[in-house]
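Asks: Sharing a structure, written as structure tokens. Questions coming.
The values are calculated or read from the model by the stated rules, or taken from the named source; none is laboratory data. On a predicted model such as this, the values are computed, not experimentally measured, just so you know. All Cβ positions, even for glycine, are placed from backbone atoms using ideal geometry, and neighbour counts span all protein chains on display. We work out accessible area using only protein heavy atoms, side chains counted, and drop any ligands, DNA or RNA first. Shrake-Rupley method; radii C 1.70, N 1.55, O 1.52, S 1.80 Å.
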Amino acid sequence: MPLVDLYGHESVRALLSESFERGKLPGSLLFHGPQGVGKQRLALWLGQLLLCTADEKPCGKCKGCEYSRNLTHPDLHWYFPLPRPKQPDPTLADVIDDYQDAIVERLANGGLYAAPAGSEGIFVATVRAIVQQASLSPAMASRKVFIIGDAERMVPQEGAEFAANAFLKLLEEPSSKTTLILTSSEPGALLPTIRSRAVSIRVPPLTETAMRAFLTDPQVAAALDKAGAPKSINERLSLANGSPGQLLGDEARSKAIRAARKLLDAALAPNESARHAAVMAVGASGARGAFSDVLDAMLVLVGERMRAALHDADEALASKASRAVDAISLAREQAGGNVNPQLITARLLRELATSLT
Ligand SMILES: [Zn+2]
């Protein structure tokens with residue numbers, strides 16, 4: 001699945017493509033603007049433009065464009081915050097593997113993703129990987145593009161001054177074959193040494209026309225449904241307020257919704273073993289807060305079902321959903337007490353299996 005198209009941002013696009021045409025595009029750029037406004041998507045668009053081999057860039061038809069849009073271009077490097085690596089000192093290959101997995105995950109959703117969790121960062125092994133890859137010649141195109149999303153999450157680390165300095169040098173004097181695009185919704189939190197070395201470009205909120213076009217893209221609509229965004233276009237418009245990424249929530253919320261969907265699927269599965277597996281997947285002690293979040297997300301999902309049933313005047317279904325809501329509310333209460341989450345889940349799934357099917 002290729003990336004969802006870039007919507008809006010026409011004036012920034014015109015500015016960037018014009019400075020590229022005149023040979024004046026800076027080697028290090030910082031896109032800043034509200035969270036979820038599409039800064040990384042815009043950076044990927046600029047990457048596609050820089051790697052396009054046609055005259056009218058980006059043409060959308062050449063191999064370069066195709067690879068860029070599938071995120072398989074060997075000269076397009078995309079980095080962003082990830083959980084702290086498990087190994088204390090990961091190798092370059094480990095880092096590249098981690099990012100490949102993360103990019104496949106983002107791409108599976110058309111390149112739409114929730115804001116990173118608070119604990120995620122761009123750690124020193126990643127900075128080393130960027131510096132190392134920047135020292136190599138381009139593999140296919142005449143240049144390399146590095147996108148570093150949420151760059152304020154680059155964490156300075158003791159004993160890693162060498163990597164940090166090498167990165168600053170890269171940012172200050174990228175070779176003529178390298179373009180670095182940093183993005184940040186909190187440019188004030190960037191290290192001043194980084195901020196002063198990149199040319200800032202403000203990315204404003206999307207216009208209502210662009211927002212409407214984005215929201216009616218079927219790939220976007222499906223991703224938003226999956227993320228548990230409100231159903232109506234008007235609600236989506238007002239919640240996003242020009243920053244469509246806001247609709248994807250944050251990582252913790254999306255995780256809770258995904259887990260809640262899995263539990264509901266397990267409850268509706270015809271066989272006992274799916275329910276058993278789902279119960280096992282809930283940690284025995286688990287993080288209590290996270291478990292409560294999952295139950296809250298289940299309430300929202302089943303509540304939606306109930307509203308839809310009432311809307312369709314399907315009384316039988318509405319009364320089933322209402323029994324399910326009661327069962328989830330009870331589980332939510334128990335989760336706040338000292339009851340084992342696995343025990344609560346086992347009971348809840350049995351209850352839902354009878355009340356929902
Ligand atoms: Zn092209």
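Asks: Determine which single condition ALA256 fails, assuming it passes every other condition in (1) at pLDDT 85 or above; (2) of a type in the set (Gly, Ala, Ser); (3) surrounded by 19 or more Cβ atoms within 10 Å (Cβ to Cβ); (4) under 19 Å from the mean Cα position of the chain (by Cα).
Replies: If we test ALA256 against (1) at pLDDT 85 or above; (2) of a type in the set (Gly, Ala, Ser); (3) surrounded by 19 or more Cβ atoms within 10 Å (Cβ to Cβ); (4) under 19 Å from the mean Cα position of the chain (by Cα), just (1) comes out false.
Asks: How many residues does the range 1-30 hold that are within 16 Å of the ligand (Cβ to nearest atom), part of a loop (DSSP other than H, G, I, E, B) and either aliphatic (A, V, I, L, M) or crowded, with 16+ Cβ neighbours inside 10 Å (or both)?
Replies: Selection size over the range 1-30: 3.
Asks: Check off (1) under 18 Å from the mean Cα position of the chain (by Cα); (2) open to solvent by less than 10 Å² (accessible area, probe 1.4 Å); (3) under 19 Å from ASP94 (Cβ atoms) for ALA129 and give me the number that stays unchecked.
Replies: (1)
Asks: Can you tell me how many residues within the range 302-336 are among the polar types (S, T, N, Q) and either in contact with a His (Cβ under 8 Å, 6 or more places away or on another chain) or open to solvent by 50 Å² or more (accessible area, probe 1.4 Å) (or both)?
Replies: Qualifying residue count for the region: 1.
Asks: If you don't mind, another one. Of all residues in the range 152-208, which are among the aromatic types (Phe, Trp, Tyr) and out of contact with any strand residue (DSSP E or B) (no Cβ under 9 Å at 6 or more places or on another chain)?
Replies: PHE162
Asks: Considering only the range 51-83, state which residues are near the ligand (Cβ under 6 Å from one of its atoms) and in a helix (DSSP H, G or I).
Replies: Within the range 51-83, GLY64, CYS65 qualify.
Asks: In this structure, is GLY33 within 21 Å of the chain's Cα centre (by Cα), away from the ligand (no atom under 15 Å from the Cβ) and buried (at least 19 other Cβ atoms within 10 Å of the Cβ)?
Replies: Here the answer is yes, as GLY33 does meet what is asked.
Asks: Out of the residues in the range 84-98 meeting the condition of being open to solvent by less than 60 Å² (accessible area, probe 1.4 Å) and farther than 19 Å from SER137 by Cα, tell me which one is nearest to the ligand (Cβ to nearest atom).
Replies: Going through the qualifying residues, I end up with VAL95.
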